[in-house]
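Single-structure report; data block below.
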Amino acid sequence: MAWERTWLFRVRDCYLVPWKLNEEPINVDEIPARAFDSTEEKDRVAAIFEPYNNDLTLTPEEDAAFGRLARERTARHPLRTYLLLPLARAFTMWFTPRIELLPFSGTVFPLLQSWEDDRADQTVTLGLFFLNIVYVGLAIWGTVRLWRRNFAARPAAAFLQIYVVLRTTFLTTLETPEPRYVLICFPAILAMAAQVFVRRPKPA
């Protein structure tokens, strides 16, 4: 898991390593290139997975080897592990369309290829992506508006924002950054977004 935190930020990546662990062989060539800082490092990972793929059991020694690899990668690029990847996980969780129960792939990139493969699918996926942006944008706008207009409501607004930030921060530390995990924040998001449409009462 420590090694995965140095490169994994999308749910689709979970299907390549963590959700296969101790059940299926893991193909190093299917793992994204960002998981390796060099060809030598990729060869090290392949060497660790070679005995694992024979018996589909990750031994404590193999697990420890990934721990050493994680420490080396973090030492080389601490900002990547502690800042950039958590930010990428947060962005992905908030703005990835939640289409698990819908007949759509959720695939956007590569843009041209996805458009040629299924235009309706990509149109819906992009529409849901921009809808997420609208929700979050309205929530930020509504929070600022409420903060300026209603001094008494500031503690409530601050509480909701702190909750959303803390929960998002916590979710970036989980093994699988699934977009559905932020759905519990949406009542707060919708409540603050609604403040955009509240009219200022007219003076008596």
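Kindly provide the set of residues from the stretch 155-204 that are in contact (Cβ under 8 Å) with a residue 60 or more places away in the chain and among the aliphatic types (A, V, I, L, M), ordered by number.
Residues of the stretch 155-204 in contact (Cβ under 8 Å) with a residue 60 or more places away in the chain: 168-169, 171-173, 175-183.
Once the filter is applied, which keeps residues that are in contact (Cβ under 8 Å) with a residue 60 or more places away in the chain and among the aliphatic types (A, V, I, L, M), the stretch 155-204 yields L171, V182, L183.
Looking for something hydroxyl-bearing (S, T, Y) and more than 22 Å from the chain's Cα centre (by Cα) - is there at least one such residue anywhere in the stretch 84-100?
Scanning the stretch 84-100, I find no residue that is hydroxyl-bearing (S, T, Y) and more than 22 Å from the chain's Cα centre (by Cα), so the answer is no.
What about W115, is it in contact with a helix residue (DSSP H, G or I) (Cβ under 6 Å, 6 or more places away or on another chain), at pLDDT 95 or above and part of a helix (DSSP H, G or I)?
Spelling it out, it is not the case that W115 is in contact with a helix residue (DSSP H, G or I) (Cβ under 6 Å, 6 or more places away or on another chain), at pLDDT 95 or above and part of a helix (DSSP H, G or I).
Every residue, every condition in (1) touching a strand residue (DSSP E or B) at 6+ places or on another chain (Cβ under 7 Å); (2) open to solvent by 70 Å² or more (accessible area, probe 1.4 Å); (3) of a type outside the set (G, A, S), yes or no:
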residue: F9; (1), (2), (3): no, no, yes
residue: D13; (1), (2), (3): no, no, yes
residue: L16; (1), (2), (3): no, no, yes
residue: A47; (1), (2), (3): no, no, no
residue: D55; (1), (2), (3): no, yes, yes
residue: R68; (1), (2), (3): no, yes, yes
residue: L79; (1), (2), (3): no, yes, yes
So, in the stretch 27-72, how many residues would count as being within 20 Å of the chain's Cα centre (by Cα), over 19 Å from Y15 (Cα atoms) and of a type in the set (K, R)? 0
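Please enumerate the residues belonging to the stretch 120-155 that are touching a Pro at 6+ places or on another chain (Cβ under 9 Å) and surrounded by 13 or more Cβ atoms within 10 Å (Cβ to Cβ).
Filtering the stretch 120-155 for residues touching a Pro at 6+ places or on another chain (Cβ under 9 Å) gives 121, 124-129, 131-132.
Selection gives D121, V124, T125, L126, L128, F129, N132.
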Log entry, pairs with first residue in the stretch 104-119 being under 16 Å from T92 (Cα atoms), second being of a type in the set (G, A, S) and loosely packed, with under 10 Cβ neighbours inside 10 Å, beta carbons closer than 9 Å, six or more apart or on different chains, reads none
Count of residues meeting criterion [open to solvent by 60 Å² or more (accessible area, probe 1.4 Å) and among the basic types (K, R)] in the stretch 18-38: 1
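Please return the ranges of helices (runs of 4 or more DSSP H) entirely within the stretch 1-110 where 2 or more residues are farther than 30 Å from T125 by Cβ and among the hydroxyl-bearing types (S, T, Y). Full working, then the answer.
Details: elements: 11-14, 39-55, 60-76, 85-95.
Ranges flagged: 39-55.
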Which one of the conditions (1) within 19 Å of the chain's Cα centre (by Cα); (2) among the basic types (K, R); (3) open to solvent by 90 Å² or more (accessible area, probe 1.4 Å) does R167 fail to meet, given that it meets all the rest? (3)
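The values are calculated or read from the model by the stated rules, or taken from the named source; none is laboratory data. The shown structure was predicted, so the numbers you read here are calculated from the model rather than taken from an experiment. Quick reminder, even Gly has a Cβ in these numbers, built from the backbone with ideal geometry, and neighbours come from all protein chains shown. When the accessible area is computed, the model is the full protein with side chains, heavy atoms only, and any ligands, DNA or RNA have been set aside. Shrake-Rupley method; radii C 1.70, N 1.55, O 1.52, S 1.80 Å.
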